[in-house]
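One structure is given below, represented as structure tokens, and several questions about it will come after.
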Amino acid sequence: MTEVLLPQPDGTLRRHALDTGGWRWSRPARAATSRQVLAAAHVVADPFADNTPGAPAALDWDSTLAYRHHLWRHGLGVAEAMDTAQRGMGLDWPAAAELIRRSAKEARACGGRIAAGVGTDQLTGPATLDQVADAYLAQLAVAAEAEVQPILMCSRALAAAARSAEDYHRVYDRVLGQTDRPVILHWLGPAFDPALTGYWGSAEVAEATGHFLDLIHAHRSRVDGIKVSLLDAGHEIGLRRRLPEGVRCYTGDDYHYPELIAGDEQGHSDALLGILDGIAPIAADSLSLLDSGDTAGFRAQLATTVPLSSHLFATPTYHYKTGLTFLAWLTGHQPAFAMVGGAQSARSLPHLAEVLRLADRTGLLPDPELAAHRWTALLATAGGL
């Protein structure tokens with residue numbers, strides 16, 4: 001029996017016996033065919049570099065790219081340089097551009113699917129609408145050069161500069177007019193980034209949805225799909241039913257993804273999710289069930305991951321990246337629990353203890369002894385032993 005001590009919110013330590021029954025997830029023979037699935041992948045910081053708040057991002061490139069291969073081996077596509085990779089929270093544009101180039105090269109070498117976030121985060125300070133559009137186009141050129149599908153991320157600079165829905169359309173009309181392939185439009189809600197409140201021209205979700213749909217209908221040939229991260233399953237279902245034919249809805253809802261991906265008689269969501277970074281083996285196995293027609297089995301098995309996901313994405317939601325990085329460290333996918341911008345300190349030890357417990361309960365620890373060793377070493381630094 002392998003036991004660990006888990007600190008509780010009340011300050012006590014509780015013993016927990018890890019499941020040592022053996023790893024039960026095998027790699028799929030092929031990628032899922034019934035759904036398009038992209039995992040928003042985290043980055044691995046160089047633990048010996050100056051990755052303190054405000055410092056330029058320094059990555060452990062070998063571990064970062066190895067993690068992409070882990071996702072590809074499980075049949076998942078990679079959504080690169082998204083908010084899961086700490087865009088706007090430590091990962092600056094020069095590092096993100098290099099990440100896109102390197103990941104695209106790796107994807108071509110192994111035949112993996114890749115898409116990449118295109119934003120405006122090279123801007124500093126207030127910007128005009130034309131400057132926002134220019135910033136988007138500069139990043140779009142990097143994606144085009146790397147031959148990856150662009151994901152047009154929401155822009156903090158645009159949210160600050162826009163005064164109406166027409167301002168959003170003016171910028172997106174210009175950018176979409178110059179894409180070399182169909183894009184994924186990203187609607188990231190304020191739970192993930194408070195600076196994006198009122199995106200698309202209204203703080204009222206219903207009104208903003210109308211403006212968003214107007215843009216999609218105006219550029220339907222240039223839009224592969226939309227990624228919705230509002231954490232509102234009912235809204236997502238209603239929105240996907242109003243999309244033009246052929247435009248996909250990629251769920252970004254890390255609380256309700258099993259039912260949204262399973263769908264109903266009127267359609268389903270595909271997926272572009274941060275949680276897939278941490279649950280790739282179970283997600284791959286579950287998607288195999290869905291491909292075989294076992295929708296109930298898919299939902300039941302994938303639902304076992306929801307408690308972990310709900311905890312990782314707990315308020316403040318934008319710190320979910322810390323839990324995903326911690327999980328990758330526990331499972332042996334990176335040598336250190338380190339993040340750019342020092343973001344490994346963004347969650348408490350009791351929070352991380354619950355990540356460990358839920359990951360164990362979900363069957364996500366391939367080597368419980370390694371997980372216990374690493375957790376005990378972390379706990380010791382806090383005087384927990």
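Against the longest principal axis of the chain, how steep is helix 165-176, in degrees 0 to 90 to the nearest 10, with axes from Cα atoms?
80 degrees
Express as a percent, rounded to the nearest 5, the fraction of DSSP beta bridges in the chain (both residues included) that run antiparallel.
About 20 percent, rounded to the nearest 5.
Measuring from a point 7 Å past the Cα of S310 along Cα-to-C-beta, which residues in the stretch 245-270 have an amide N at less than 13 Å?
254-258
Can you list the residues, at least 5 places off or on another chain, whose amide H is less than 5 Å from the amide H of C249, using H built in the peptide plane?
I226, D270
Please list, in chain and number order, the residues 5+ apart from A57 or on another chain whose amide H is under 5 Å from its amide H, with Hs placed from the backbone.
D92
Another one. Kindly state, to the nearest 0.05, the FRET efficiency for T2 paired with E207, given R0 = 56 Å and r defined as their beta-carbon distance.
Once rounded, the FRET efficiency stands at 0.55.
Once the chain is represented by equal point scatterers at the alpha-carbon sites, with solvent omitted, what log10 I(q)/I(0) does the Debye formula produce at q = 0.12 Å⁻¹?
-0.90
How about the stretch 1-63: which trypsin sites (Lys or Arg not before Pro) there lie in a loop by DSSP and see at most 16 other Cβ atoms within 10 Å?
When the trypsin sites (Lys or Arg not before Pro) of the stretch 1-63 are filtered for loop state and at most 16 Cβ neighbours within 10 Å, R24, R30 remain.
Calculate the spin-label point distance for A377 paired with S345, positioning each point 7 Å from the Cα along the beta-carbon direction, and give it in nanometres.
That separation, rounded to one decimal, is 2.1 nm.
Nearest 10 degrees, 0 to 90: what angle lies between the long axis of helix 320-330 and the longest principal axis of the chain (Cα atoms)?
It works out to around 40 degrees.
Then there is this: Using the heavy atoms of the protein chains and a 1.4 angstrom probe, tell me the accessible area per residue for the chain in square angstrom.
That works out to 40 Å² for each residue.
Moving on. Quick one: Karplus J couplings for the stretch 94-104, per residue in order, coefficients 6.51, -1.76, 1.60, θ = phi - 60°, nearest Hz, x for Gly and Pro?
x, 5, 5, 5, 5, 4, 4, 4, 5, 5, 4
Here is a further query. Could you give the spread of the C-alpha atoms of the stretch 271-341 along their three principal axes, from largest to smallest, in whole angstroms?
44, 27, 18
Looking at the chain, which longest stretch skips every one of the GluC sites (Glu not before Pro) that is in a DSSP loop with at most 14 other Cβ atoms within 10 Å, leaving the sites themselves out?
1-146
Now for a separate question. Determine, from the Cβ-Cβ distance of A195 and S221 and an R0 of 35 Å, the FRET efficiency 1/(1 + (r/R0)^6), rounded to the nearest 0.05.
Once rounded, the FRET efficiency stands at 0.70.
As an exercise, use a Förster radius of 41 Å and the Cβ-Cβ distance of T52 and A144 to find the FRET efficiency, rounded to the nearest 0.05.
0.75
The values are calculated or read from the model by the stated rules, or taken from the named source; none is laboratory data. What you are looking at is a predicted structure, and each value in this text was computed from that prediction instead of being measured. All Cβ positions, glycine included, derive from the backbone under ideal geometry; neighbour counts span all protein chains shown. Note: accessible area is taken over every heavy atom of the protein model, side chains too, but ligands, DNA and RNA are not part of it. Shrake-Rupley method; radii C 1.70, N 1.55, O 1.52, S 1.80 Å.
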